[in-house]
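Written below as structure tokens is the structure these notes are about.
The values are calculated or read from the model by the stated rules, or taken from the named source; none is laboratory data. Computed from a predicted structure; not experimentally measured. All Cβ positions, glycine included, derive from the backbone under ideal geometry; neighbour counts span all protein chains shown. Areas reflect the complete protein model, heavy atoms only, side chains present, ligands, DNA and RNA absent. Shrake-Rupley method; radii C 1.70, N 1.55, O 1.52, S 1.80 Å.
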Amino acid sequence: MQTIFSELSSFAREAGAAEIFGEVQAITGITLTAIGLERVLGIGQRCIVHGSAGPVHAEVVGLNTQGTQLLPFGSWRGVAAGDRVEVHAGGDVIRPDDSWKGRVINASAKPLDDRGHLPEGTVARPLRASPPGAFTRKRIGPKLATRVRAMDIFTPLCRGQRLGIFAGSGVGKSTLMAMLARHTECDVVVMALVGERGREVQDFISTDLGEEGLRKSVLVVATGDESPLTRRQAAWTAMAVAEHFRDQGQHVLLLMDSVTRFAMAQREIGLASREPPTAKGYPPTVFSELPQMLERAGPGPEGKGDITAIFTVLVDGDDMNDPIADAVRGITDGHIVLDRRIAEKGRYPAIDLLASVSRTLPDCHGDTEYAILSAAHRALAEHADMEELIRIGAYRSGSNPGLDRAIAFAGPCETFLTQRKTEQTAPDAAFTEIARLLSNADISVQA
């Protein structure tokens with residue numbers, strides 16, 4: 001008997017892995033139904049469909065009595081009923097390496113630049129990982145110098161903080177992201193361009209980011225013409241790369257443009273798998289996926305680094321109450337609102353100082369800095385309340401001394417906060433200048 005068991009054990013070791021496959025039953029829209037794999041596949045697992053135009057990688061997004069529902073990492077061109085569907089064990093992990101700095105990769109961690117082979121690290125990282133536990137994480141760290149004057153004064157960024165940038169199209173989100181990538185204090189920048197226009201990727205790298213910014217960055221790119229699975233995976237890949245550097249004790253600046261396109265990709269996936277649509281057609285999985293992804297950023301566990309994250313949100317029709325904007329605002333540690341009216345006046349970055357909030361305030365500012373911020377904020381708020389009357393000439397100078405001082409401060413402040421993407425100002429110098437402008441307007445600063 002022992003001899004038989006020994007022979008069976010030897011045979012099992014020498015035999016190749018069992019080949020498991022099914023076949024295509026139907027294709028409706030972008031959803032393929034396969035039969036024969038119901039008992040071996042689970043949600044999120046990968047398959048390879050062999051069509052006449054070549055193999056197509058796919059992911060399981062649904063299971064029912066009719067079969068297994070698959071979505072492609074590409075398109076179903078050339079796939080027909082009866083084609084072979086194989087189970088694929090890989091595809092849901094990547095192996096980041098330190099040499100990835102300065103490289104541009106796709107959602108599958110394959111090189112997109114012309115710099116040849118992309119070395120792989122020794123540790124496999126799952127694309128979908130759990131965030132650090134609430135009681136194992138460090139607290140948010142000290143204030144970072146972004147060298148963007150409006151941010152350093154009014155919406156400061158701290159190490160390990162997660163901040164959202166909310167704006168409509170064409171208001172300057174990408175340019176502000178490039179300024180942060182160039183100038184913010186960090187060891188490595190991981191940037192995810194999710195659903196970007198193809199022509200804008202090269203423009204962003206060469207014009208906005210520049211050689212200096214690219215040198216310490218890893219770019220993960222999925223353009224808008226790619227499949228929803230690919231666009232969603234680009235965000236996961238960027239997060240996994242950031243976690244790799246975090247676990248080495250490095251400070252990572254993660255920039256994701258944009259979370260809205262990630263949510264749109266998940267919406268396409270959810271609707272294709274017959275989820276019920278809710279607000280603006282977004283299915284429930286969108287609102288469960290957002291916190292699962294965004295919570296992976298933030299302060300790391302003790303003894304490891306941190307991921308400071310900036311997520312852009314493309315608000316539909318400049319509506320700040322858009323469902324995705326609401327969800328992200330509730331998850332992040334602050335939000336920056338870019339206003340189209342401010343951009344039309346020529347002030348960039350077009351940050352709405354009164355609508356933007358950093359939840360690290362007031363603790364991250366010193367007493368004097370917070371007093372300067374408070375005085376400037378009060379003056380700008382008073383000016384904003386009466387701006388329409390001032391514009392049409394209905395306000396007479398001298399009627400309200402406090403408003404006169406606010407008017408004297410608002411104009412020079414707007415000019416000072418206007419900043420080209422190549423400019424940078426140290427936070428101390430920015431506070432000194434704002435204090436001088438307050439003094440010139442005869443506005444007192446009380447620490």
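Where in the range 21-63 are there strands (runs of 3 or more DSSP E), lying fully within it, with 1 or more residues that are in contact with a His (Cβ under 6 Å, 6 or more places away or on another chain) and free of Cβ contacts under 8 Å to residues at least 60 places away in the same chain?
Numbers: elements: 21-28, 31-35, 46-51.
It comes to 46-51.
Quick one: is Val171 in a strand (DSSP E or B), of a type in the set (A, V, I, L, M) and crowded, with 24+ Cβ neighbours inside 10 Å?
It is false that Val171 is in a strand (DSSP E or B), of a type in the set (A, V, I, L, M) and crowded, with 24+ Cβ neighbours inside 10 Å.
I need the full set of residues from the range 146-167 which are more than 30 Å from Asp92 (Cβ to Cβ), in a loop (DSSP other than H, G, I, E, B) and open to solvent by less than 10 Å² (accessible area, probe 1.4 Å), in order please.
Thr146, Val148, Thr155, Pro156
If you take the residues in the range 366-417 that are open to solvent by less than 50 Å² (accessible area, probe 1.4 Å) and of a type outside the set (A, V, I, L, M, F, W, C), which one is nearest to Cys158 (Cα to Cα)?
Gly366
Condition first: in contact with a Cys (Cβ under 9 Å, 6 or more places away or on another chain) and open to solvent by less than 50 Å² (accessible area, probe 1.4 Å). Can you find one or more residues in the range 68-78 that meet it?
Scanning the range 68-78, I find at least one residue that is in contact with a Cys (Cβ under 9 Å, 6 or more places away or on another chain) and open to solvent by less than 50 Å² (accessible area, probe 1.4 Å), so the answer is yes.
Is it the case that Ala265 is open to solvent by less than 10 Å² (accessible area, probe 1.4 Å), in contact with a strand residue (DSSP E or B) (Cβ under 9 Å, 6 or more places away or on another chain) and farther than 25 Å from Thr68 by Cβ?
When the stated conditions are applied, Ala265 does not pass them.
Going through Asp333, Asp339, Asp319 one at a time, which residue ends up being surrounded by fewer than 21 Cβ atoms within 10 Å (Cβ to Cβ), in the same structural domain as Gly170 (by the TED database) and farther than 17 Å from Leu180 by Cβ?
It is Asp319.
Of (1) touching a residue at least 24 places away in the same chain (Cβ under 8 Å); (2) in a helix (DSSP H, G or I); (3) surrounded by fewer than 22 Cβ atoms within 10 Å (Cβ to Cβ), Lys304 satisfies all except one. Which?
Single failed check for Lys304: (2).
If you check every pair at least six apart or on different chains, which have Cβ atoms under 7 Å apart with a residue in the range 96-114 that is within 12 Å of Ser217 (Cβ to Cβ) and touching a residue at least 12 places away in the same chain (Cβ under 8 Å) first and a residue that is among the acidic types (Asp, Glu) and in a loop (DSSP other than H, G, I, E, B) second?
Pairs found: Arg103/Asp113; Val104/Asp113.
In the range 237-256, which residues are open to solvent by 10 Å² or more (accessible area, probe 1.4 Å) and closer than 16 Å to Glu196 by Cα?
Listed by number, the list is empty, since nothing qualifies.
Which one of the conditions (1) modelled with pLDDT of 95 or more; (2) closer than 23 Å to Gly210 by Cα does Leu163 fail to meet, given that it meets all the rest?
Of the numbered conditions (1) modelled with pLDDT of 95 or more; (2) closer than 23 Å to Gly210 by Cα, the odd one out for Leu163 is (2).
Restricting to the range 20-67, count the residues that are at positive phi and either buried (at least 20 other Cβ atoms within 10 Å of the Cβ) or over 29 Å from the mean Cα position of the chain (by Cα) (or both).
So the answer is 3.
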